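To start, the structure under review is shown below, and the notes come after it.
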Amino acid sequence: MIRPKLRGRVKKGKLLLEDEQAFKDNLALMEGKEVTVSIQELREERSRQEEKYYHGVVVEMIADAMSIQHNEAHEFLRSLFLQVEESCILKDGTILRYERIKSTTELNDKEYREYWNKCIDWAALPTEDGLNINSGLELIIPLPHEVDYD
């Protein structure tokens, strides 16, 4: 299902829409129906070029250096740098804490750049016994403006 994505700003507890007419037009299509409304902070979309750079250069070079598949390198990097601790409250009031690995799709454009910069910095670290967050591949990965990639 395709849903409209409308932008606005909250000021003094009120929602000011960029295109109020588009909102009214979409609302008219829902006449007589129950609806849900979802509001979230605007996230800048990452560019397709950033995706190409991360997968085509960063992950690919690390996968080659480790002699593993692309998706394995991507998962390995996520496990190093995107592990977060979260919690939820169960029905009985107990707080459950758990760790999970974030998806790169959860990152905004700034967080995504910070993530692949951490991957680049890690790859350049000296090799130690076993791969972990403190030992890398002694691999220099070029920055986006230093290389052509598809």
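None of the figures in this text is laboratory data; all of them are computed from the coordinates on show. Being a predicted model, the structure only gives us computed values, none of them experimental. FYI the Cβ positions are ideal-geometry reconstructions off the backbone, even for glycines, and counts take in every protein chain you see.
Relative to its Kirkwood radius, the Cα radius of gyration of segment 48-146 gives an Rg/Rh of 1.06.
Using a Gaussian network model of the chain in which every pair of alpha carbons under 10 angstrom is joined by a spring, one finds that among LEU125, LEU29, LEU80 the greatest mean-square fluctuation is at LEU29.
Grouping the Cα pair distances of segment 1-110 into 10 Å bins from zero gives a pair-distance distribution of 10, 25, 24, 25, 14, 2 percent in increasing distance order. Pairs from the table (LYS12/LYS110; LYS52/LYS102; LYS24/LYS110; LYS24/LYS52; LYS33/LYS110; LYS12/LYS102) lying more than 29 angstrom apart at Cα are LYS24/LYS110; LYS24/LYS52; LYS33/LYS110; LYS12/LYS102. For segment 61-76, the Karplus equation 6.51 cos²θ - 1.76 cosθ + 1.60, evaluated at θ = phi - 60°, returns couplings of 5, 5, 4, 4, 5, 8, 6, 10, 6, 3, 5, 5, 5, 4, 5, 4 Hz by residue, with Gly and Pro reported as x. Ordering SER79, SER38 from the fewest to the most neighbouring beta carbons within 10 Å gives SER38, SER79. Between the listed residues HIS55, MET66, GLY32, the Cα displaced farthest toward the positive end of the dipole of segment 1-80, a dipole computed from Cβ unit charges relative to the Cα centre, is found at GLY32.
Radius of gyration (Cα atoms) of segment 1-42, expressed as a multiple of 2.2 N^0.38 Å: 1.23. Going from the residue with the fewest nearby Cβ atoms within 10 Å to the one with the most, CYS119, CYS88 rank CYS88, CYS119. Sequentially through segment 78-92, phi angles give Karplus couplings (6.51, -1.76, 1.60; θ = phi - 60°) of 4, 5, 6, 10, 10, 7, 10, 9, 10, 8, 9, 9, 6, 4, 7 Hz, Gly and Pro residues having no value and appearing as x. Backbone N atoms of segment 9-23 closer than 16 Å to the 7 Å Cα→Cβ label point of ASN108 belong to residues 9-10. Given springs between every Cα pair under 10 Å in a Gaussian network model of the chain, which of ARG48, ARG78, ARG113 has the largest fluctuation? Among ARG48, ARG78, ARG113, the largest mean-square fluctuation in the Gaussian network model of the chain belongs to ARG48.
Going by neighbour counts of Cβ atoms within 10 Å, the residues ILE95, ILE141, ILE2 line up, fewest first, as ILE2, ILE95, ILE141.
Using a Gaussian network model of the chain in which every pair of alpha carbons under 10 angstrom is joined by a spring, one finds that among GLN49, GLN83, GLN40 the greatest mean-square fluctuation is at GLN40.
A full extension of the chain between LEU131 and ARG78 corresponds to an added length of 17.7 nm, given 0.36 nm per residue minus the alpha carbon distance.
For GLY8, the residues 5 or more places off, or on other chains, whose built amide H falls under 5 Å of its own are GLU18.
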